[in-house]
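Written below as structure tokens is the structure these notes are about.
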């Protein structure tokens, strides 16, 4: 990839969905699992301090959505059952809309944590990801993840892939607590948190808007299109991690 400054790129910042992990795994495995387990999970854990805090965040967001005319499900909290019913209906509404709201992502992460712990879920990555992680670390580069999924969900995914735990390869995880992925300020914050110049990063994602945001923050960035076998012939597009800093 002649358009990249290989020497300057010391940190690989990676998206997950469509980049390290098949989109189908997210939409056909993880999301349906969270939807199915949402009600029993909340009924079992609604009194936990952390879950209670997430439900308060959901109520606040529900009020904001209503104020913006988005017509979310009505929210009632006049009894424990009303609160639970409202939380379940609203969280499901957010899941159906593929919302990136941080409290929802944290809640999904907690549900997935139970699934991973029971062996009902296993992480999934493209075949080129594990060897790429080993290669980049051997080259002395850091690997970081930036996804709209919670840090917990990210760690669970990479810890449970069939080829083995990939988290030892990963220096840091970032989620929407850092900021939205289409905002240049998010990438500036990530660089600052690592004490690095943004120009030392290579960001890889399947989202053109995210690529533009990272480039605006002065990161190097490349679009990953896993479904385009001729992507390697196009400027600033890859279809496999095999193309990124090969030995």
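The values are calculated or read from the model by the stated rules, or taken from the named source; none is laboratory data. Owing to the predicted nature of the structure, the values given are computational and were not obtained by experimental measurement. Note: ideal-geometry Cβ built from the backbone for every residue, glycine included; neighbour counts use all protein chains shown.
Table for the structure above
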quantity: Region 1-28, residues that are within 30 Å of residue 55 (Cβ to Cβ) and under 15 Å from the mean Cα position of the chain (by Cα); calculated: 15, 16, 17, 21, 23, 25, 26, 27
quantity: Residue within region 54-70 that is within 17 Å of residue 152 (Cα to Cα) and out of contact with any helix residue (DSSP H, G or I) (no Cβ under 8 Å at 6 or more places or on another chain) present; calculated: no
quantity: Among the residues listed as 84, 94, 121, the single one being farther than 26 Å from residue 169 by Cβ and crowded, with 20+ Cβ neighbours inside 10 Å; calculated: 94
quantity: Failed criterion for residue 135 (all others in (1) in contact (Cβ under 8 Å) with a residue 60 or more places away in the chain; (2) more than 18 Å from the chain's Cα centre (by Cα); (3) in a loop (DSSP other than H, G, I, E, B) hold); calculated: (3)
quantity: Of the criteria (1) surrounded by fewer than 18 Cβ atoms within 10 Å (Cβ to Cβ); (2) at pLDDT below 95, which one residue 63 fails; calculated: (2)
quantity: Helices (runs of 4 or more DSSP H) (entirely within region 140-243) containing at least 1 residues that are farther than 22 Å from residue 25 by Cβ; calculated: 184-193, 208-216
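Residue-by-condition table, conditions (1) within 14 Å of residue 106 (Cα to Cα); (2) assigned by TED's automatic domain parsing to the domain that holds residue 106; (3) touching a residue at least 60 places away in the same chain (Cβ under 8 Å):
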residue	(1), (2), (3)
41	yes, yes, yes
52	yes, yes, no
65	no, yes, no
69	no, yes, no
74	no, yes, no
85	no, yes, no
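Table: residues versus (1) touching a strand residue (DSSP E or B) at 6+ places or on another chain (Cβ under 6 Å); (2) farther than 18 Å from residue 17 by Cα; (3) exposed (fewer than 14 other Cβ atoms within 10 Å of the Cβ).
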position	(1), (2), (3)
160	no, no, no
174	yes, no, no
209	no, no, yes
220	yes, yes, no
224	yes, no, no
228	no, no, no
